[in-house]
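The values are calculated or read from the model by the stated rules, or taken from the named source; none is laboratory data. Keep in mind it's a predicted model, so treat the numbers as computed, not measured. Positions of Cβ are backbone-derived with ideal geometry, glycine not excepted, and every protein chain shown enters the neighbour counts.
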Amino acid sequence: MRKYEIFGLIPARGGSKGIPRKNMVMLAGKPLIQYTFESALESSMLTRIILSTDDEEIAEFGKKFVEVPFIRPKRLASDSTPMIQVVRHALGYLKSGEQYEPDYIAILQPTSPLRKSHHIDEAIKLLMRKKADSVVSVCVVPGQYNPFHVRKIVNGRLLPFLENAEEYTSRQKLPRVYTRNGVIYCFKRETLIKKNSLYGSYCCAYVMEREVSINIDSPTDLLLAEIILGKNKSNNDI
């Protein structure tokens, strides 16, 4: 049976607006990005792991864990750079230098420190099993943020954001809705090449619990992740 090449890409810019030097900020005794290195290395599905960064400090730290074959150009490291360009740069570099062309790609952003290796493996296996173009991790939207509970203000009046929202006045009747949590994006290479997309036309959802879906964007997120990591450590010590 043919062995698939499954490429793990960890994109980590040096800049950050919400938390300065976010990818290297300390969280429960480790730099934030180290959690992603560790979960990627523990994955049984990934066959190669590469760090893409524009930052020398992050690159030097990353070399302790994964491959860092290049420094990403600054033009591809702004907060408005589309992820597809970052992926294309990494794949282009590896193809031109090594003729390396993986079958599947998994994007693992360092802002998800509660991701575990089994989450990565399950998402990739789902992608293969469903023969999908891509798999994206999601979590359930809390009831108070459900679109049928969201309101808008028009000329001072508080109105439902969606039509027919009043039909869903009780929490039990609310349709379950999901949001991308940023933890895992995985897709076939041909989805990128043939469809110029990270998602394609057949995208499947990998549903995760909200507790492990924390995405570090603010000091509050960092504090919450610290609390959860501390709780998990205490439970493991019992």
For GLY200: the one exception among (1) part of a loop (DSSP other than H, G, I, E, B); (2) outside the structural domain of LEU91 (by TED's automatic domain parsing) | (2)
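Among what's in segment 99-134 and is part of a loop (DSSP other than H, G, I, E, B) and of a type in the set (A, V, I, L, M, F, W, C), pick the residue that is farthest from HIS89 (Cα to Cα).
Filtering segment 99-134 down to residues part of a loop (DSSP other than H, G, I, E, B) leaves 99-103, 108-116, 131-133.
Imposing the further condition that a residue be of a type in the set (A, V, I, L, M, F, W, C) reduces the set to 108, 114, 132.
Values: LEU108: 16, LEU114: 27, ALA132: 24 Å.
Only one residue tops the list, namely LEU114.
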Do we have ALA165 as more than 26 Å from PRO31 (Cβ to Cβ) and touching a Phe, Trp or Tyr at 6+ places or on another chain (Cβ under 9 Å) here?
-> yes
Within segment 95-118, residues under 23 Å from ARG13 (Cβ atoms) and within 16 Å of the chain's Cα centre (by Cα) come out as ILE105, ALA106, ILE107, LEU108, GLN109, PRO110, THR111, SER112, PRO113, LEU114, ARG115
Within segment 172-197, of all residues that are outside any helix (DSSP H, G or I) and hydroxyl-bearing (Ser, Thr, Tyr), the one farthest from ILE84 (Cα to Cα) is TYR178
Pick from segment 48-74, criterion in contact with a helix residue (DSSP H, G or I) (Cβ under 9 Å, 6 or more places away or on another chain) and either assigned to a helix (DSSP H, G or I) or not assigned by TED's automatic domain parsing to the domain that holds TYR100 (or both), ranking: surrounded by the most Cβ atoms within 10 Å (Cβ to Cβ) = GLY62
Quick count over segment 206-220, residues being among the β-branched types (Val, Ile, Thr) and outside any loop (DSSP other than H, G, I, E, B), is 3
Select, from ASN236, ASN146, the only residue that is modelled with pLDDT under 95 and surrounded by 15 or more Cβ atoms within 10 Å (Cβ to Cβ).
-> ASN146
